[in-house]
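The values are calculated or read from the model by the stated rules, or taken from the named source; none is laboratory data. Predicted model only: the values in this text are computed from it and were never measured. All Cβ positions, glycine included, derive from the backbone under ideal geometry; neighbour counts span all protein chains shown.
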Amino acid sequence: MPELQDRTQKEIRLFDTLSGGVKPLVPSHPGLVRMYTCGPTVYNFTHIGHLRPALVGDVLARHLERRGYRVLWVSNFTDIDDRIIARAAEQGVSATTFADRYIADYLHNLALLGIDRIERFARVTEHIPDILEMVSTLVERGYAYAVEGDVYFSVTAKRDYGKLSGRSLDDMQAGARIAVDPRKRHPMDFALWKAAKPQEPHWESPWGPGRPGWHIECSAMSLRYLGDGFDIHGGGGDLIFPHHENEIAQSEAFMGTEPFVHIWLHNAMVEVEGEKISKSQGNFVPLRDLVRQYTPGVLRQFVLSTHYRKPLQYSDAALRETQRAWNRLRSARQAWESVLGGVVPPGEPAPVQMETVDSVAADAAPTPVAAAAAGLEQAAAAADDAFRAALDDDLNTAGALGVLFDLVRRGNGAVAAAPAGALPRGLASALSVLRRCGDTLGLWEGAGVGPVVAAGDDPARSSALVELLLQVRADARAYRDFAMADRIRAALAAAGVQVEDTPQGTRWVWGGAPDAPAVAKL
RNA sequence: GGCGACGUAGCCAAGUGGUAAGGCAAGGGUCUGCAAAACCCUUAUGCGGCGGUUCGAAUCCGCCCGUCGCCUCCA
């Protein structure tokens with residue numbers, strides 16, 4: 001079955017901004033993928049735009065792990081810059097104290113969302129020696145020069161400057177909108193080290209007291225932990241210029257070789273009402289508010305529903321739609337687990353029968369007719385394969401979600417068609433695939449506790465109260481007191497608990513956020 | 001002005017040469033104490049527009065229109 005072999009061993013392909021096309025991921029250390037993603041400059045609360053690069057990295061890491069790779073993922077906090085210094089001073093706290101507040105917010109949100117594969121968070125202020133060493137070397141090699149305590153990188157010294165963003169020095173000079181610092185040799189030269197002004201936090205350096213410029217920290221820290229020529233460097237598309245352009249220039253000048261990284265992975269922006277969300281625009285939606293309204297898995301699905309290289313339009317309506325769509329996946333999983341009872345232990349994926357893979361996977365795209373004729377067992381195996389193929393293909397998470405919905409429809413159909421008490425053939429496999437693929441996307445994050453609990457309520461106490469109310473309701477139904485039963489159901493719904501009566505009994509699950517007006521009306 | 005993305009149904013969104021996945025919403029039916037969930041059926045001769053290449057184009061090429069991003073702190 002050579003076709004199957006080809007599909008199984010097909011490489012993982014990602015879009016690389018530098019080469020402008022999709023290219024295969026070929027780790028320079030076999031079996032190990034070294035990845036760095038740019039984290040936030042911490043001077044404000046985390047917003048949904050920050051979520052995208054972190055989530056892209058997280059899903060990529062999970063998928064790579066499933067494909068048998070070891071992933072070494074490093075990210076950073078830029079915890080010293082003009083804004084941080086200015087705002088910390090306004091509030092009368094140290095830059096470190098100020099930054100810590102937003103670092104905590106970022107880490108808290110990542111934890112809630114299950115973005116847990118980042119092995120190390122590097123802080124700029126804890127890597128000053130690495131940065132100084134890099135700047136010194138660049139000066140020694142003639143790529144940088146010092147002026148009155150500042151050190152600038154000389155863009156004309158690096159012949160291929162501009163290769164990432166695809167622009168020439170002439171283009172950029174023509175469009176320059178900022179006043180040119182006359183001390184610079186070239187208007188596009190950028191600061192590697194900035195002399196400290198009075199009262200500013202600073203570190204000693206060969207050029208006098210100062211602090212790192214923006215850009216240099218990511219070069220110094222990524223090379224320190226990942227080494228030359230690591231595999232993937234990710235971040236938001238708004239970082240392509242100047243941040244990543246400058247990173248390449250200074251890193252390759254420092255290394256004396258290239259490439260600095262093999263694949264530059266950039267996600268498109270999250271927009272609100274047609275405009276990019278950004279801290280400076282003030283139109284951002286803090287993540288800490290969203291996690292109180294939506295289950296983490298819902299937020300993940302929302303971001304992953306659009307391919308990472310396309311702009312994502314944020315709106316509350318869109319999020320509510322995702323909530324409904326996510327309910328379908330969660331509900332199917334719960335229903336199948338209920339039907340199967342103890343057949344498949346929770347968390348233990350049933351092995352997919354490989355012989356069934358052969359018969360279905362030979363065709364890249366089974367026709368609807370053929371697929372309908374095939375059993376659920378085969379459909380599950382085909383879905384598993386198609387899901388992986390979608391992620392292999394430049395992390396097509398939207399296509400991968402489509403595969404899961406397809407599987408859900410087939411599985412639900414099998415359950416509906418099965419005689420009472422009978423186990424539909426292949427349902428265990430379908431459940432196993434649904435669980436595992438859902439794990440890769442992180443769709444089940446917070447599914448058991450819901451948004452409110454995830455945001456800090458006591459899950460055990462809340463659940464006990466729900467259970468109690470459902471027992472009272474069950475009694476009411478037994479006495480055919482449906483008015484009482486319906487009243488309890490409505491009250492729970494207003495509180496964010498969805499109740500469903502099934503042949504297997506009453507089920508409940510945390511739905512969306514509590515509807516305060518509805519609660520008040522009860 | 002320069003560089004780069006993107007434009008698929010009411011909405012969201014896959015699909016890079018072989019005849020339009022999936023989700024949400026809507027309508028009809030089955031099931032249910034009623035709901036919910038679930039299942040079945042219906043909803044793009046059509047992929048921003050106009051040309052071109054091809055046996056064949058949403059997919060390739062050209063021009064045009066529109067939206068967005070970057071060129072300045074930004075994920």
Selection status of A:Val449, in contact with a strand residue (DSSP E or B) (Cβ under 7 Å, 6 or more places away or on another chain), in contact (Cβ under 8 Å) with a residue 60 or more places away in the chain and among the β-branched types (Val, Ile, Thr): yes
Filtered residues of the stretch A:68-97 (kept if more than 11 Å from A:Val42 (Cβ to Cβ) and either among the aromatic types (Phe, Trp, Tyr) or touching a Pro at 6+ places or on another chain (Cβ under 6 Å) (or both)): A:Tyr69, A:Trp73
Filtered residue count, the stretch A:419-439, keeping only those that are of a type outside the set (Asp, Glu), surrounded by fewer than 19 Cβ atoms within 10 Å (Cβ to Cβ) and either touching a residue at least 24 places away in the same chain (Cβ under 8 Å) or within 11 Å of A:Val339 (Cα to Cα) (or both): 6
Within the stretch A:272-292, considering residues that are part of a strand (DSSP E or B) and within 6 Å of RNA strand B (Cβ to nearest atom), the one modelled with the highest pLDDT: A:Lys276
Residue within the stretch A:394-409 that is within 11 Å of RNA strand B (Cβ to nearest atom), part of a helix (DSSP H, G or I), basic (Lys, Arg) and surrounded by 22 or more Cβ atoms within 10 Å (Cβ to Cβ) present: no
Options A:Leu64, A:Leu51, A:Leu18, A:Leu14; residue that is out of contact with any strand residue (DSSP E or B) (no Cβ under 6 Å at 6 or more places or on another chain), assigned by TED's automatic domain parsing to the domain that holds A:Gln91 and in contact (Cβ under 8 Å) with a residue 40 or more places away in the chain: A:Leu51
Test: residue in the stretch A:457-466 that is more than 30 Å from A:Asp58 (Cβ to Cβ) and within 11 Å of RNA strand B (Cβ to nearest atom): no
Subset of the stretch A:78-91 (residues that are within 10 Å of RNA strand B (Cβ to nearest atom) and either of a type in the set (Asp, Glu) or in a strand (DSSP E or B) (or both)): A:Thr78, A:Asp81, A:Asp82
Considering residues of the stretch A:209-261 that are in a loop (DSSP other than H, G, I, E, B) and of a type in the set (Phe, Trp, Tyr) only, the residue farthest from RNA strand B (Cβ to nearest atom): A:Phe260
Checking A:Glu247 against (1) buried (at least 23 other Cβ atoms within 10 Å of the Cβ); (2) among the acidic types (Asp, Glu); (3) touching a residue at least 40 places away in the same chain (Cβ under 8 Å), the condition it does not meet: (3)
Scope the stretch A:293-334; condition more than 20 Å from the chain's Cα centre (by Cα) and near RNA strand B (Cβ under 6 Å from one of its atoms); matching residues: A:Arg324, A:Arg328, A:Ser331
Residue in the stretch A:14-33 that is farthest from RNA strand B (Cβ to nearest atom), counting only those that are over 22 Å from A:Arg388 (Cα atoms) and surrounded by fewer than 16 Cβ atoms within 10 Å (Cβ to Cβ): A:His29
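This table checks each residue for (1) within 23 Å of the chain's Cα centre (by Cα); (2) among the aliphatic types (A, V, I, L, M).
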residue	(1), (2)
A:Arg224	no, no
A:Gly229	no, no
A:Ile232	yes, yes
A:Phe241	yes, no
A:Asn246	no, no
A:Phe254	no, no
A:His262	yes, no
A:Leu265	yes, yes
